[in-house]
Amino acid sequence: MNLVKYSVKPVFPKFDELVELCTSIVEIQSKNKQYANQIMLQTNAEYNDWFYGVGTIENYADLLPTRTFNKIQPALAGSIVEEYFNWLEIPVFRSRLMMMDPKSTYSIHSDHEFRFHLPLISNKNCYMIFPTVGFAAQMYHFAADGATYWANTRQPHTAANFDLVKQRLHLVMCVDKVF
């Protein structure tokens with residue numbers, strides 16, 4: 001199985017509009033410094049706030065399965081975000097905006113689900129890295145060009161923003177489908 005599939009669909013036709021809305025969500029919601037690097041775009045019937053479900057899912061595993069985070073945030077009903085989810089034609093859940101500061105990396109980890117990544121803001125120094133594949137790590141750059149990428153995040157991986165000044169912003173969605 002491939003680790004990454006580039007562009008699972010053609011480029012989203014309203015990409016610029018989606019980027020604009022998502023960056024404004026980040027600007028408004030990231031004032032809550034406790035959760036400044038993740039914002040939930042999908043929720044469930046019990047918890048419809050922007051931060052329940054962020055971080056490592058192990059914090060929530062005893063409370064709710066990740067698949068229950070499959071409803072659009074009420075404030076985003078009818079928005080370009082909901083239009084994008086429908087355009088994908090593949091069910092997504094636990095969708096988040098994930099920000100990565102310059103000069104930062106995530107720890108190496110494996111997720112429970114596969115992921116779609118829609119890079120909203122990126123730079124040539126941002127990579128997804130799979131360190132334990134064969135004898136050498138595999139590095140992938142996802143361009144912020146409107147393409148949606150599928151990643152086998154069940155494999156050990158990390159992400160890095162090696163840029164000195166530019167932030168990275170991805171819309172990350174859990175999916176069950178294998179490509």
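Every number here is computed from the coordinates shown, using simple stated rules; none is lab data. What you are looking at is a predicted structure, and each value in this text was computed from that prediction instead of being measured. Virtual Cβ from ideal backbone geometry, glycine too; neighbours counted across all protein chains shown.
Here the condition is being surrounded by fewer than 20 Cβ atoms within 10 Å (Cβ to Cβ), assigned to a strand (DSSP E or B) and either small (Gly, Ala, Ser) or in contact with a Cys (Cβ under 6 Å, 6 or more places away or on another chain) (or both); of Ala160, Ala136, it holds for Ala160 alone.
For residues that are closer than 21 Å to Asn37 by Cβ and out of contact with any helix residue (DSSP H, G or I) (no Cβ under 7 Å at 6 or more places or on another chain), tally how many sit in the range 149-179.
19
Residues in the range 77-87 that are surrounded by fewer than 17 Cβ atoms within 10 Å (Cβ to Cβ) and of a type in the set (A, V, I, L, M, F, W, C): Ala77, Trp87. Among the residues of the range 140-154, those identified as buried (at least 17 other Cβ atoms within 10 Å of the Cβ) and assigned to a loop (DSSP other than H, G, I, E, B) are Phe142, Ala144, Gly146, Ala147, Thr148, Asn152, Thr153.
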